[in-house]
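The values are calculated or read from the model by the stated rules, or taken from the named source; none is laboratory data. Everything quoted here is computed from the prediction, not taken from an experiment. Quick reminder, even Gly has a Cβ in these numbers, built from the backbone with ideal geometry, and neighbours come from all protein chains shown. To get the accessible areas, we keep the full protein, side chains included, count just its heavy atoms, and leave off ligands, DNA and RNA. Shrake-Rupley method; radii C 1.70, N 1.55, O 1.52, S 1.80 Å.
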There are 2 protein chains.
Amino acid sequence: MIPSQDELRRLHAEICSGVADPIRIAILYVLNEGPVNVTDITARLDLPQPTVSRHLRVLRDTHLVLSERQGQNILYKLTDPRVITALDLLRDVYHARISAQVRVLNSSQ
Amino acid sequence: MIPSQDELRRLHAEICSGVADPIRIAILYVLNEGPVNVTDITARLDLPQPTVSRHLRVLRDTHLVLSERQGQNILYKLTDPRVITALDLLRDVYHARISAQVRVLNSSQ
DNA sequence: TCTGGATATTCGGATATGCGAATATATCTA
DNA sequence: TAGATATATTCGCATATCCGAATATCCAGA
């Protein structure tokens, strides 16, 4: 059975909602430097461990990251480096927009 | 004053939350084909006009779209085509991931 | 200035999301 | 198997988001 357009958009939005949180964005950029376990993420971001675990679950559920047990630890890594590309793009769009606004404000002094 | 890392991540997440909704994604892809007014968006997506207006406001607030009055109508357009690039990337990441899962399932029959 | 078409806002309620705190589960090692 | 470390889950609550329905605002033209 072919998924409807609506269903595809729902799924698309679901992935997007995975990146719609500051903590998850921070985690993704940490993972962009290489696979890391939960304790290290917790330490690098200075956040409570349960908080990190809950956000990691969201990232897993939205297929943005993958996990792999390594003995006592669980190693997390990006599913795909393009996740960071997308995040960078959105950030750039924002910056470009704000810069344009600043220019307009300055030029109308 | 320099915005903190946390503040930057909050802003980054805010933009991302702009694309974290199926209706808004649909609107963005409509706008990708060129500037459109609210009535046309409403017709093309077959949605109630207040619903479209509310989502357009979110898109404006997150700097993802721009609006411009043209007489009686208001023309909306993408702030930056890279918004669509980012959306496509995230969709591709998802598809690649799901395809990989399907392959694993099939190969283990 | 009145009218109609285009767009935006508000309200109330349902649902979702995030967090801290506490606790559970899993794995290794002695 | 007991203890220690790593990770995940649950609960209760506060907050945010979404929607439909109703209504308000804005602008062009008669």
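Take the residues of the range A:30-43 that are of a type outside the set (Gly, Ala, Ser) and open to solvent by 50 Å² or more (accessible area, probe 1.4 Å): which is farthest from DNA strand C (Cβ to nearest atom)? In this case the residue turns out to be A:33.
Across the range A:17-29, the qualifying residues are those that are open to solvent by 10 Å² or more (accessible area, probe 1.4 Å) and facing chain B (nearest Cβ under 7 Å), and the one among them that is farthest from DNA strand D (Cβ to nearest atom) is A:22.
Going through the range B:1-16 one residue at a time, which ones are open to solvent by 40 Å² or more (accessible area, probe 1.4 Å) and either closer than 22 Å to residue B:45 by Cα or in contact (Cβ under 8 Å) with a residue 40 or more places away in the chain (or both)? If the condition is that a residue be open to solvent by 40 Å² or more (accessible area, probe 1.4 Å) and either closer than 22 Å to residue B:45 by Cα or in contact (Cβ under 8 Å) with a residue 40 or more places away in the chain (or both), then B:14 is the only one that fits.
State which residue is surrounded by the fewest Cβ atoms within 10 Å (Cβ to Cβ) when the search covers only the range A:66-75 and only residues that are free of Cβ contacts under 8 Å to residues at least 12 places away in the same chain and within 7 Å of DNA strand D (Cβ to nearest atom). The residue in question is A:72. Just one residue in the set A:55, A:63 is open to solvent by less than 60 Å² (accessible area, probe 1.4 Å), closer than 28 Å to residue B:22 by Cβ and within 12 Å of DNA strand C (Cβ to nearest atom); that residue is A:55. A Cβ distance below 9 Å, combined with a sequence gap of six or more or placement on separate chains, defines the contacts here; from the range B:79-107, residues that are within 7 Å of chain A (Cβ to nearest Cβ) and open to solvent by 70 Å² or more (accessible area, probe 1.4 Å) reach residues that are among the aliphatic types (A, V, I, L, M) and assigned to a helix (DSSP H, G or I) in the pairs B:82/A:89; B:82/A:90; B:82/A:93; B:82/A:96; B:91/A:8; B:91/A:11; B:91/A:15.
Condition test on residue A:46, is it closer than 24 Å to residue B:87 by Cβ and within 15 Å of DNA strand C (Cβ to nearest atom)? No, not satisfied. Quick check on the range A:45-62. Is at least one of its residues over 17 Å from the mean Cα position of the chain (by Cα) and among the β-branched types (Val, Ile, Thr)? No: the range A:45-62 contains no residue that is over 17 Å from the mean Cα position of the chain (by Cα) and among the β-branched types (Val, Ile, Thr).
If you go through the range A:33-63 and keep only what is near DNA strand D (Cβ under 7 Å from one of its atoms), in contact (Cβ under 8 Å) with a residue 24 or more places away in the chain and farther than 19 Å from residue B:6 by Cα, you end up with A:37, A:38, A:39.
Within the set A:7, A:14, the sole residue that is more than 8 Å from chain B (Cβ to nearest Cβ), at pLDDT below 95 and closer than 21 Å to residue B:97 by Cβ turns out to be A:7.
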